[in-house]
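Heads up, the thing below is written out as structure tokens.
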Amino acid sequence: MAIRYWPMAAAAVGFRLVLVLFGGDLHLASRPEVSTPLTSLRRLAEGYWLKQASVSPYSGSMYHGSPLLLSVLGPLTNSRPDGHHAHIYCSLIFVAVDFLAAMLIRATGHKLQMARNRSLKSIDLTKAVNDTVNVSAGDVASLIYLWNPWAIVTCVGSCTSPIENLMVVIMIYGACSRLAPLAAFGYVMATHLSLYPVILIVPVILLLGYGPDAPPPKVFLIKGSSASKSDVSDNDKTTRQRAVQQFSWKPVLHFIFWLFILSCHVLLLSSVILKKVGGLHEMFEKTYGFILTVKDLSPNIGVLWYFFAEVFDFFRNFFLIVFNMNIIFMVLPLAIRLKHRPCFLAFVYTAIVAILKSYPSAGDSALYLGLLGLFVNELAEMQFTFFLFFGYIGVSLLSPVMHNLWIWRGTGNANFYFATGLAYTCLQTVLLVESVSSMIKHDRKLRLLVSS
Amino acid sequence: MEYIVGLLCRSGSANPLFSTEDAIEANRFMKGIEAVAGDSRGVIGMANFIAQQIEALGAEVCYHKFLPHSKNFHPLKFFTSMTNDIAVQPNGTATNFGINTIGIVRAPRGDGKEAIVLVTPYNSQRVQSNELLSLALGFSVFSLLSQAAWLSKDVVWLSADSQFGEYAAVSAWLNQYHNPVFLSHSVVLHTKMYGANHIYDGNSEKTEVTAFKRAGTMAAALIFKVGETRRYSDRDSVMIYAEASNGQMPNLDLLNVVHYLAVHRQGFRVNIAAFSSLLSSAWLRVIAEILHTLGSVLRKINPDWKLDIAVPDYVEGTANLANSMYNQALGVPTGSHGAFRDYQVDAVSLEFSPTFHVKNENAKSLFLLRGGRLIEGVSRSVNNLLEKFHQSFFLYFLTAPSKFISVGVYMIPFALLLAPLPIVAAALADGSRSMEKTVDKLIDNGKADDIADILQSKGGSWKWLRAAKVLLVIQLWAVLVSLLPYYITQIPDATPMQSALIWAVLSIVVLISLSVLFGSPYSAGVEWKLLKATMITSISIGLGLMSIINFATAQLGALIVIPMCLFSRPLKASGMNFLPRAVLLASNIAFAVLGFPPAALLIMKGVSKGSWSWTIDVGDFWVWMEFLWEWSSATYLYLFLVHLPCWLLCILVLLHPCRQSESKMKQE
């Protein structure tokens, strides 16, 4: 599959620019699928206005984002050129941010590809595996990210999701290329902006410790034992032993050091920004507290809003704990099963977060679908792809129609819209389960190929 | 539901208060306005007279000036156009404007949160006696309601100036009512309407009249007008129109109330629109006869089966149903009630057809009495309702004014039509399944030597991606084609014929350039089975979506599209006996011709005319499409984003060279 990368990437950026400059009537910012209470730029503008008026940006229940964004994007929301929509400068920044994220995904893909080729070479399977499917994963992933309609809609739709996504991508790139400070920066910022990436510490540490994705250690052991039976030169042996990486503590400690420094830095900056207008305590309550306690029940593509609108008040706290723990529960088992593929683990975590987070949006899906492209070679045998592809298309068309039916026409009700959300969650779950199981199948295939 | 309807009817029909005195009042009003209409002052004079009369009743009054709204196609504003219009264009001056006169009665027992709207359209430029009669009717009901002590909802009487069409007047007023426009001072000065200032001349409370006045949320709206006199009928009749944009209907309860009061209390004959060609068609009568005979036989077997529908009932019901479906599928409102539905207000239009001559005073008084009582009854029913009409009964087709087919019934055949699509798609897309299983088996057995060979021959489970690419390119083409009219309409002085030809040529050019850009659909070696699977999946998504937006369109579209999809098979594909292959071929070609929108339109026109001598006029297609997008009908989107790509894919499947499968067979 020959992909002309640069023309396609340039076309994607051009398309975004065209939509930003001439698509003022799309009203994407008001779509519940695109902007959530956390990421809406309209709310950010309101928060900035409050702050300018020497009131806490968190007063009322308008703004729930980071104070750093307030001082970076805030001034841009104020100026409004004639003939364009309100947040044109921010949108232009988001286009650049998206492009940067795509470039980083591409670089990550190249790193993964190199690691993959190295490990396949060390177990002598390059020919058997690479002959079937060998496409440049980085290019594919980055193009998926650039051309994903949801990423485009998120980018054009005036919400801060592209920045959150960029931070996650920076973290993964930094960890893949073992740049501890960069990884720490991405991690701290991503956590600061949207809290949920906090669980990504597991894949980051694994990446820094073991290096990028490789076949399971068992494969190398089998190869090693079968090789030791026959006569092999010493040179080969040493490369194989090097392929089975030991956990190296140095980059991890480096990462933790930088994590500490940067966290302090971010907190300090936030408290400086919020100095006279509420303090850090209010920030934690209105951002993380707002995320964890699901206070805003306006409809979105997730399922939590409906659930918490229906649940009895005295059960509310219980279910809050249940739903938040749900994410935590999956961290450890997946980490144990996929510890040899930390990058894939990061993808799985982002997908789980996108399914279970309290205010999901299309931007979250755009991120994990982009990351999914990184494993295009490993997932070549994935099942139900046809069904999933058209399912995603169907749901993303159905969702606005159901919303219109409920809110504007009045011939439907909340259940209609919620049903789409439910279908969407099911699709995401199927995608996740299928991708994990086909990755495990891929590993099993490698083992069988080696042992035979 | 029936309980609510029963309750409404009882409350609405309790001894009507509309008396002969009100009828006399109406006559007096009519004489007055006739005198004014004959006057030279025209527009302003009539509005002024109505306003004076309303003020004399002690009700509030205001005017609403509006300019004709030029409808044009704007692709990005397809669904949002209703809310973003500015009624007054900010540039230029206008000499030609309409004036709606609005009277508001504040409910003595209400809190002003809800309102009932009565609308009487009249053409201020060319006044006709029947329109004056409907104004008189409106006024007399309004004057009765202004004295009613039991009123709990405000009553708004809108006498809509329909010189630019009824819909334009009502929708301009509704737009101003719901989306207030705050124009800067300079803009207001700029759009000075000449003559508009005369209106306030002899009026001391100038500011009070100029200000736009509002009542509460609209609970329901009733549009009534007196139509042309019909001599041949024995009873005065009422025609009910209910279809709003995109097949939306008002709540069935409102129709039921109107029907019940009109038929059982006031003795009107109630009609809904029907396809007149079906009423007189012979074949429908034959089918009805057969069904009737079958039904009566069945009735003899079991008296509980009431299947013997009388022949005229069946024919009339079918004609009504066909018209109801057609109007819903077209997605264009049948009257000014459509403007209300855009704001989620239930509304229905009543057109009275009196059987007397307008000069006949006695008959006119009687008619006014009965019409007034009907409208009073409906208003009382709505007035006594505590909540908005419940949302459950919006989806139905009408077969008679009092009979309907509910969504629960009509969804079943549609679901049955749609059901084979996912199954066929899954079967086609899963073609390589058997091969995968062998690989799994081999892996399980540990025969790794063979695995590599098989892996090499296999394209993975992502083979459908190429077919999906073809689909996406075709969808892109369809989007471009549907947007082209926006640019074509910019060409000045183009006849429909020219526009249609430009459209067709541009579409073909775009198609060719896209296939150059992305590669021809066959060059990548797409299997036709996968292409068909993709097509079927996309069409099931499209039809599913459309059935939510506008069911009637989806239902009618499915009748053509689904067989077209399911039968499609490459002409060159082998592996079938002669007879089934010939039948498939013939049906394929027939559907390919039928499925092409212009051809379908031509055939439909021929059938509806009933004659088989049509002249081929490409311009008609353009005119028809223009009509659809002017009204922002979702049917336009359906035709171009669902139907047309599907048709093109079908053609692609038909012309598929089948080279790949042959080469594969040779390999095996």
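The values are calculated or read from the model by the stated rules, or taken from the named source; none is laboratory data. Since we're looking at a predicted model, the values are computed, not measured. Here the Cβ positions follow ideal geometry from the backbone for every residue, glycine too, while neighbour counts run over all protein chains shown. Protein only, heavy atoms only, side chains kept; ligands, DNA and RNA dropped before computing areas. Shrake-Rupley method; radii C 1.70, N 1.55, O 1.52, S 1.80 Å.
Just a few scattered comments:
- Of note, B:Phe397 satisfies the criterion of being buried (at least 17 other Cβ atoms within 10 Å of the Cβ), at pLDDT 85 or above and over 29 Å from B:Pro16 (Cα atoms).
- One residue alone among A:Thr126, A:Thr154 is out of contact with any Cys (no Cβ under 8 Å at 6 or more places or on another chain), modelled with pLDDT under 85 and among the hydroxyl-bearing types (Ser, Thr, Tyr), and that residue is A:Thr126.
- Given (1) within 14 Å of another protein chain (Cβ to nearest Cβ); (2) in a helix (DSSP H, G or I); (3) more than 16 Å from B:Leu252 (Cβ to Cβ), number of the condition B:Gln328 does not satisfy: (3)
- You will find that of A:Glu381, A:Glu434, the residue that is under 19 Å from the mean Cα position of the chain (by Cα), in contact (Cβ under 8 Å) with a residue 40 or more places away in the chain and within 12 Å of another protein chain (Cβ to nearest Cβ) is A:Glu434 and no other.
- Residue ID - nearest to B:Phe18 (Cα to Cα), chosen from residues in the range B:117-131 that are open to solvent by less than 10 Å² (accessible area, probe 1.4 Å) and not aromatic (Phe, Trp, Tyr): B:Leu118
- Within the range A:392-405, tally of residues that are more than 9 Å from every other protein chain (Cβ to nearest Cβ) and out of contact with any Pro (no Cβ under 8 Å at 6 or more places or on another chain): 4
Residue-by-condition table, conditions (1) surrounded by fewer than 16 Cβ atoms within 10 Å (Cβ to Cβ); (2) assigned to a helix (DSSP H, G or I); (3) in the same structural domain as B:Phe414 (by the TED database); (4) among the β-branched types (Val, Ile, Thr):
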residue: B:Val509; (1), (2), (3), (4): yes, yes, yes, yes
residue: B:Ile512; (1), (2), (3), (4): yes, yes, yes, yes
residue: B:Gly525; (1), (2), (3), (4): yes, no, yes, no
residue: B:Ile536; (1), (2), (3), (4): no, yes, yes, yes
residue: B:Ile539; (1), (2), (3), (4): no, yes, yes, yes
residue: B:Leu556; (1), (2), (3), (4): no, yes, yes, no
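- Flag if A:Tyr424 is over 19 Å from the mean Cα position of the chain (by Cα), open to solvent by less than 20 Å² (accessible area, probe 1.4 Å) and more than 10 Å from chain B (Cβ to nearest Cβ): no
- Condition broken by A:Gly412, with the remaining ones in (1) at the interface with chain B (Cβ under 10 Å from one of its Cβ atoms); (2) part of a helix (DSSP H, G or I) satisfied: (2)
- Residues of the range A:378-389 that are out of contact with any helix residue (DSSP H, G or I) (no Cβ under 6 Å at 6 or more places or on another chain) and within 27 Å of A:Leu120 (Cβ to Cβ): A:Ala380, A:Thr385.
Yes/no per residue for (1) free of Cβ contacts under 8 Å to residues at least 60 places away in the same chain; (2) of a type in the set (Lys, Arg); (3) under 27 Å from A:Pro67 (Cα atoms):
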| position | (1), (2), (3) |
| --- | --- |
| A:Gly279 | yes, no, yes |
| A:Ile291 | no, no, yes |
| A:Arg316 | yes, yes, no |
| A:Leu338 | no, no, no |
| A:Cys343 | no, no, no |
| A:Leu356 | yes, no, yes |
| A:Tyr359 | no, no, yes |
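- Residue match in the range B:482-499 (condition: touching a Leu at 6+ places or on another chain (Cβ under 8 Å) and open to solvent by 20 Å² or more (accessible area, probe 1.4 Å)): yes
- Take the conditions (1) buried (at least 20 other Cβ atoms within 10 Å of the Cβ); (2) on the phi > 0 side of the Ramachandran plot; (3) of a type outside the set (A, V, I, L, M); A:Gly370 misses just one of them, which is (2).
- Residue in the range B:132-143 that is assigned by the TED database to the domain that holds B:Glu228 and open to solvent by 30 Å² or more (accessible area, probe 1.4 Å) present: no
- Of the residues making up the range B:226-242, not a single one is part of a helix (DSSP H, G or I), within 30 Å of A:Arg409 (Cβ to Cβ) and in contact with a Ser or Thr (Cβ under 7 Å, 6 or more places away or on another chain).
- Whenever a residue of the range B:277-305 is assigned by the TED database to the domain that holds B:Lys605, it has no partner that is among the charged types (D, E, K, R) and modelled with pLDDT of 90 or more lying with C-beta atoms less than 9 angstrom away and at least six residues away or across chains.
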